[in-house]
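The values are calculated or read from the model by the stated rules, or taken from the named source; none is laboratory data. Just so you know, these numbers come straight off a predicted model, no measurement behind them. Cβ sites come from the backbone with ideal geometry, for glycine too, and all protein chains shown count toward neighbours.
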Amino acid sequence: MKPTPKKLVIGASGFLGSHVTKQLVARGDDVRVLIRATSSRRGIDGLPVDVRYGDIFDLESVEAAMRGCDVVYYCVVDARPWLRDPTALWRTNVEGLRGVLDIAAQADLHRFVYTSSIATIGLARNGPADESTEHNWADIGGYYVRSRVAAERLVLSHATKKGLSAVAMCVSNTYGAGDWLPTPHGGLLSAAVHGKMPYYIDGYAAEVVGVEDAARAMVLAGEVGRIGERYIVSERWMSTREIHEIGCRAVGVEPPQRRVPIRLMSAMSYPNSWIARLRGRDTRLTPLNIRLMHIMTPLDHSKAVRELGWNPAPTPEAIVAAAHFFKHARRTAKETL
């Protein structure tokens, strides 16, 4: 009797990757994870998984981890658009991915589920954009966005030219418990629920989704996702003011009241960026980072509903879970260290 194929999660120590791992384990799959030896295991601690150590640049470890697996969930990304030197972005998001794809194309996989980004979706002039909206803002998206677009195209090219059973999942800003790092948008919510965010950015809105729903979409894609297709994984469009109000009120904290227009934030970002450059430091308050806060347009996720059977819960529920995590769970974890 042949052994049951394993499910491999590359990048299981991350926010989305840990939730994908949990859901696979919960449904009884035989799960293997590939993480770096230096990565935190807080998100997957206690799970009955086969842990392999290595990274995407160690192709021997990738090939060994992929052996005996039928579905690979790729959850690795460098999401730091504020970096002064974009070399790291391209190295991880494109070059590191390329080696993994070449190995995956030679493996007998049922699916290769790639974590892409809604940043690869074009901007729509009328109504919400969808998967057919071609990317049209690379010139103003910076190196991070260009690396994500190039990476997704590389994945889909391997599907058409090398026979890789790849599916690209365009995931929006995820919220929920277990955001240990945290993510950039999660960090803003964390600051708000701890009373360290005295203002809200007026004009900052984005597509959002609960992390558990995003992970569920990934798992569904591993089963029935159409090869060579991409799917928008996002539940709704929300302003950060609304997000912070929901999160703060869930934990009994006054939400940020002072209004700072995003145009003012943009104006402040130029001298701040110049000063950081003179000091040889990175800063998140850059013109590009502020631009990425309000450049996207609303999205239509009906393709994922129709083809994957994905039915996401209202994201405010995940925002409440995230607020409780940031307010209580992270503090408890610190107290036990």
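List of remarks:
- For region 72-91, the count of residues that are among the hydroxyl-bearing types (Ser, Thr, Tyr), closer than 29 Å to residue 143 by Cβ, touching a Leu at 6+ places or on another chain (Cβ under 8 Å) and not in a loop (DSSP other than H, G, I, E, B) is nonzero.
- Total residues in region 83-115, condition buried (at least 22 other Cβ atoms within 10 Å of the Cβ), of a type in the set (A, V, I, L, M, F, W, C) and over 14 Å from residue 158 (Cβ atoms): 1
- If you go through region 6-36 and pick out every residue that is in contact with a Pro (Cβ under 8 Å, 6 or more places away or on another chain) and surrounded by fewer than 22 Cβ atoms within 10 Å (Cβ to Cβ), you end up with 2.
- Selection count where residues are over 18 Å from residue 28 (Cα atoms) and surrounded by fewer than 20 Cβ atoms within 10 Å (Cβ to Cβ), scope region 56-75: 8
- Which listed residue is in a helix (DSSP H, G or I), hydrophobic (A, V, I, L, M, F, W, C) and touching a helix residue (DSSP H, G or I) at 6+ places or on another chain (Cβ under 9 Å), from 275, 243: 243
- Failed item, numbered, when residue 52 is tested on (1) surrounded by fewer than 23 Cβ atoms within 10 Å (Cβ to Cβ); (2) assigned to a loop (DSSP other than H, G, I, E, B): (2)
- Residue match in region 93-101 (condition: over 20 Å from the mean Cα position of the chain (by Cα) and of a type in the set (Gly, Ala, Ser)): yes
- Qualifying residue in region 279-289 (condition: over 18 Å from residue 218 (Cα atoms), outside any helix (DSSP H, G or I), of a type outside the set (S, T, N, Q) and touching an Asp or Glu at 6+ places or on another chain (Cβ under 7 Å)): no
- Residue count for region 246-303, restricted to those that are crowded, with 17+ Cβ neighbours inside 10 Å and of a type in the set (D, E, K, R): 3
- Residue 217 touching a strand residue (DSSP E or B) at 6+ places or on another chain (Cβ under 7 Å), surrounded by 24 or more Cβ atoms within 10 Å (Cβ to Cβ), not in a loop (DSSP other than H, G, I, E, B) and not polar (S, T, N, Q): yes
- Restricting region 1-33 to residues that are in a strand (DSSP E or B) and under 17 Å from the mean Cα position of the chain (by Cα), the residue that is nearest to residue 48 (Cα to Cα): 9
- Criterion violated by residue 321 - all others in (1) outside any helix (DSSP H, G or I); (2) surrounded by 18 or more Cβ atoms within 10 Å (Cβ to Cβ) satisfied: (1)
Condition check ((1) free of Cβ contacts under 8 Å to residues at least 60 places away in the same chain; (2) among the polar types (S, T, N, Q); (3) over 30 Å from residue 185 (Cα atoms); (4) touching a Pro at 6+ places or on another chain (Cβ under 6 Å)) across all residues:
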site: 44; (1), (2), (3), (4): yes, no, no, no
site: 63; (1), (2), (3), (4): yes, no, yes, no
site: 68; (1), (2), (3), (4): no, no, yes, no
site: 80; (1), (2), (3), (4): no, no, no, no
site: 88; (1), (2), (3), (4): yes, no, no, no
site: 96; (1), (2), (3), (4): yes, no, no, no
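- Residue match in region 78-96 (condition: in contact with a strand residue (DSSP E or B) (Cβ under 9 Å, 6 or more places away or on another chain) and either within 18 Å of residue 231 (Cβ to Cβ) or at pLDDT 95 or above (or both)): no
- Annotation: residue 237 fulfils all but one of (1) surrounded by fewer than 22 Cβ atoms within 10 Å (Cβ to Cβ); (2) over 19 Å from residue 312 (Cβ atoms); the unmet one is (2).
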